[in-house]
Amino acid sequence: RNSFFEDYGIWREAPVLIGTTKFEPLPEVKNIMVTGGAGFIACWLVRHLTLTYPHAYNIISFDKLDYCASLNNTRVLNDRRNFTFYQGDVTNPSEVLACLERHSIDTVFHFAAQSHVDLSFGNSYTFTHTNVYGTHVLLESAKKVGTVNRFIHVSTDEVYGEVARGDDDRLESSILAPTNPYAASKAAAEMLVHSYQKSFKLPAIIVRSNNVYGPHQYPEKIIPKFTCLLARNKPVVLHGDGSNQRRYLYAADAADAFDTILHRGQPGQTYNVGSADEISNLALCRKLLAEIGIAPVTVPKRNNADGASTTTEEEEELFARWVKYTHDRPFNDQRYAIDSGKLKRLGWVQKTGFEEGLRVTVEWYRRFGERWWGDIGKVLSPFPVVTAAGTVEGDEEFVWDHPPPPRERDGKWMGREGGNGEVNGKGC
């Protein structure tokens, strides 16, 4: 626990990154509690609100300081009079209530959550405890203090489940159909928020976003993880065949979305925060190799997201050297797709394209990724594990030079006859 408070000064070298929006301050908003404020997306909003509204809003960053958090994300704010860090756990009612009362909280942004899908398959109880029970604690505490007039609950596009190619983008009114324990826990948390809206008239807003990326993201997610691996001159390891697609939103645009929702969103409403940038994991690897300088940019033959391209044999050999494969998740949604027209009607726009956002992100991790969180070696494995003590352990998984064979009915993976599968950490 003490390691979280050690300050080696690295944050002084980093650029101060925030969003771009600025609104007329709301007179009824004074004290804003941001749960998970030392985590990735929340820290962008914490910095943005603290620095953009220095005389209007007091920002209280409430965080347990779990394995993926870092006080480096907000240390630049420590001398700001309108910023306070409060260490607490959303699953602890007394800590949550004490923070709400001590700081006379009138607005809550609830980001704190277990969010890494891979971990939810092996440690799903933790996801239910944090994401469902933690949300319940926060809702009940907000009801008790009676001062909260905005409760903005941060959910995910994964609650809609898989969206097939050619299907319409999901609207806020679409049916929820989560396919993994993480997404199910977030959907369950939403149900609790709805219940407090109806039963106790809590003025709540729900936000569902695409994948967010950018500086300050803990390197358990694909973009920072692969960037850090390549910076170490190590190959990256894809789950399955790499055909899965995701839409990526740069963190500054996400901060703008939450700022817009705070100032223009209506209680009782749900807002999708969607990106126009959709890309497969395979195509993402090609872009990262090019951005790192390992391989040239390869232009796809067709304007699609599956990574297919007119590459030379030499380019394919280079790609195979740096991109490996392991078994897939128990279930891996092929893609997500949401319609953010409702939020755009409030004035929000996506300002950062994927090429620019990726360039800034890769540069940040090349400069700070190895030092921001301390030792990140174990989290860079294909399927890291978080222990009961909250530490991250690496894994040993079979790695192939080619996409693994199809999954058998019993969930085991067939070996590749004559293949070069080796255990991660021993082979590549």
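Please treat every number below as a calculation from the coordinates, not as lab data. Just so you know, these numbers come straight off a predicted model, no measurement behind them. All Cβ positions, glycine included, derive from the backbone under ideal geometry; neighbour counts span all protein chains shown.
Values for this structure:
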quantity	calculated
Cα-projected label distance for residue 356 with residue 145, points at 7 Å along beta-carbon direction, nm	3.7 nm
Hz values of 3J(HN,Hα) by residue in region 59-69 - Karplus curve (6.51, -1.76, 1.60), Gly and Pro given as x	10, 10, 8, 9, 8, 6, 6, 6, 4, 9, 8
Among the listed pairs 64/234; 186/221; 30/198; 225/351, those beyond 30 Å (Cα-Cα)	64/234
Alpha carbon Rg of region 30-115, scaled by the compact-globule rule 2.2 N^0.38 Å	0.97
Contour excess over end-to-end distance, with Cα ends at residue 264 and residue 200 and 0.36 nm allotted per residue	20.8 nm
